[in-house]
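Values quoted throughout were computed directly from the atomic coordinates according to the rules given, and no laboratory measurement underlies them. As the structure is a prediction and not an experimental result, all values here were calculated from the model.
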Amino acid sequence: MPSPQSWWSRAQSWRTSLSAVALAAALAGCGQEPVTEPVEPAVDESELLVNGRVTCDQDVSSERAKDTIERVGGLQQPTWSVRFAESTAAGVVVLVTGDLEDAEPRLFDDYGVAVIVGSAESRTSADDFRAVREAVREICG
C-alpha cells in the first residue's frame, strides 16, 4: 500500500505540471495582439475647436465649471445646438451639432467654454462621452 507521503508528492507534481503548462500557454499569447476591426476616432480634427486659453489643470468640480455647464447644456440656436457638456481637466468641453464656426464666438467668448467638438445627431451617449475623452486626450496628451 502506498504511503500517504508518496500520494501527496504525486498530487503536487501533477498540479505543478498543470500550472507550468497553463503559464506557458498564457505567456505564449502575450506577444500576440488580437485582430480587431479598426475603430474610427470619435473626434475628427476638423470637428475640434480649441479656445486659445486652454490649460490642462482645470478643477473639474469648480463652481465656475458647474455654472458654465448649466448655462450651455441644451442651448439651442437656429444654426447649432449644444448636445452635451462636461467639465474636464481642459475645462468645459461641449459637443455641438450644426454650424461649429457660428457656435465658436458665442461659446468661447460669451460662455467661456474651453473646447467645442462637432457631434452628429446619430451619436449615442456612449459616443458623446468617448468624443469628450478623446478630445481631452488630444489636447492635453
Taking H as built 1.01 Å from N, whose amide H comes closer than 5 Å to the amide H of residue 84, not counting residues under 5 places away?
74, 95
Please compute, for the alpha-carbon atoms of the stretch 45-140, the extent along each of the three principal axes and give them in descending order in Å.
31, 25, 22
Contact order normalised by residue count of the stretch 48-90, Cα under 8 Å, 6+ apart, percent
47 percent
